[in-house]
1. Could you tell me whether Ser206 is out of contact with any Cys (no Cβ under 8 Å at 6 or more places or on another chain), modelled with pLDDT of 80 or more and small (Gly, Ala, Ser)?
2. Could you check the stretch 57-176 for helices (runs of 4 or more DSSP H) lying wholly inside it with 1 or more residues that are aliphatic (A, V, I, L, M) and under 31 Å from the mean Cα position of the chain (by Cα)?
3. Under 6 Å between Cβ atoms, at least 6 apart or on separate chains: pull out the pairs that start in the stretch 97-122 with a residue that is at pLDDT 85 or above and end on any residue that is in a loop (DSSP other than H, G, I, E, B).
4. For the stretch 22-40, which positions are of a type in the set (A, V, I, L, M, F, W, C) and outside any helix (DSSP H, G or I)?
5. In the list Thr106, Thr78, which residue meets the criterion of being within 30 Å of Leu134 (Cα to Cα) and surrounded by 14 or more Cβ atoms within 10 Å (Cβ to Cβ)?
6. Enumerate the pairs (first residue in the stretch 50-66 and under 21 Å from Val125 (Cβ atoms); second residue anywhere and in a strand (DSSP E or B) and hydroxyl-bearing (Ser, Thr, Tyr)) with beta-carbon separation below 8 Å, excluding pairs fewer than 6 apart on the same chain, so at least 6 apart or on different chains.
7. Condition check: at pLDDT below 85 and either charged (D, E, K, R) or within 29 Å of Arg5 (Cβ to Cβ) (or both). Does Asp133 satisfy that?
8. For the structure I just gave you, tell me whether Ser356 is surrounded by fewer than 20 Cβ atoms within 10 Å (Cβ to Cβ) and of a type in the set (Gly, Ala, Ser).
Amino acid sequence: MSEERPGKIIIVEDEPFQARFLTLTLKKAGFEIIDVFDNGKANLDYLKNNPHDAELILMDIMLKGALDGIETAEAVKTNHDIQVIFLSGLTDDDVIDRANVSTPHTFLFKPVDPRQLVTSVLMGVRSHRLSKDLRESRTWFSRTLDNIQSAIITTDRVGNIIFRNKKALEYFPDFGLPQNMVEELLVSNREGQKINYREVIKLKGSLNLESVILQLPDRNIPVDILLASITRNERILGYVIDIIDISEKKAQQDAIQKYQIQLQEFSDNLRNIQERERIKIAREIHDELGQYLARLKIDISRLKLDIEDNTRLNDLESIADTLVKRVRKVSSDLRPKILDDGTILEALDWLSKEFSQSLPVSFFCTEEVLHLPQELKTDIFRIAQESLSNILKHARATLATIELSLDDNTIELVIRDNGIGVKKNNGQKKKKTMGVMGMKERARRWKGQLNIVSSDNGTTVTASFPFQETDN
């Protein structure tokens, strides 16, 4: 007993000689005798006022008074967590069976052997302390799990619930255990497909179910579920289930997605407004300013008939011709007329010829006729136009090509050059320009993709658009 603290013992014995023998023997062995009582009521009264003092009670079965030892032990078991060792001079089977109901630590029959007494009391004290430590650990563990926001459930190997924390009780109320998670855990995936828990519990590893729907009697909750088996020597002992409510997370994701959709719609509307403004400005420049310049040229021509020295008028006429060409160029750059009046094939062919004034550009198309919605036609044209502009500004290319094809209900636009490629800056890829971002947005609005592949031998821009051509 010197290596551990003394056990605290209560003796309940109505024979004075026997009580003295027990007291002296246990004190000599190093135990602490808290008190000695000769009846059950006195013992229970003491425990009521001092519930945490004793670790073990030596209880005579045949006590005098209103309560015998068995009845007293049953009251101790009901109200206190204290080990009881029964003392009896009787070996009657009926008495023993009745005493066993109170689950004593052991029996000692009178006359008690001192060594057996010390050994039994020592084992009883140790059993009490182990039980207390285990109970405190379970309480600490349970309270810790109750503070976790997810629902924690443990089951046996066939799915019967053994433990659930506070959050789990909200989902699966305790209507009386055992409940079986095979019937309780009803989940389905995003497509509404049911997940068979009976099959899941056959696993020896773990299973992570993300963004599934937990179906409760009063509501459905979006959750993530982690299910893991508890094994020992490759034998399944049970399962632990962690259910995480992702309602708030999903609401945030939905809000972000809604915001992104609104932002995309705003971007698309802004781009449409920009194109409409280009059409308007281009027409005003072409029609109104063009008319004024035409009248100016006519007036200059008439003046030349009346004036002998036309040197100055010739200069003015040359300036007017240049202005007419510049007006047509500005109008065309804003919104080429062929983009509204012609097909996408005619528009890209015109674009290649326009850029060929500075760089040889070839246009190839696998289709003879391709009818597209006006907005899709505009986006394809603008992607090609932006790509060729970037080639002129940065690629140092001597050749470029535009290819347009329709295959498997997908339109593919490919612009290639033989330039120096997209160079790295300070060890990092060059930042995306607004032009490239604009091209990607034009592809995205049609649920398409835009990819750029670059090397020292040139750059390839590929834009693909899902499309199904109709008879119209």
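1. no
2. 114-146, 166-171
3. Listed by first residue and then by second, the contacts come to Lys110/Gly89; Val118/Ala29.
4. Let us first name the residues in the stretch 22-40 that are of a type in the set (A, V, I, L, M, F, W, C), namely 22, 24, 26, 29, 31, 33-34, 36-37.
Correct list: Ala29, Phe31, Ile33, Ile34, Val36, Phe37.
5. Details: Thr78 fails: surrounded by 14 or more Cβ atoms within 10 Å (Cβ to Cβ).
Being within 30 Å of Leu134 (Cα to Cα) and surrounded by 14 or more Cβ atoms within 10 Å (Cβ to Cβ) holds for just one of Thr106, Thr78, which is Thr106.
6. Close Cβ pairs satisfying both conditions: Asp60/Ser88; Ile61/Ser88.
7. no
8. So Ser356 fits the description; yes.
The values are calculated or read from the model by the stated rules, or taken from the named source; none is laboratory data. It should be emphasised that the depicted structure is a prediction, and the values quoted were computed from it without experimental measurement. We place every Cβ from the backbone using ideal geometry, glycine too, and count neighbours over all the protein chains shown.
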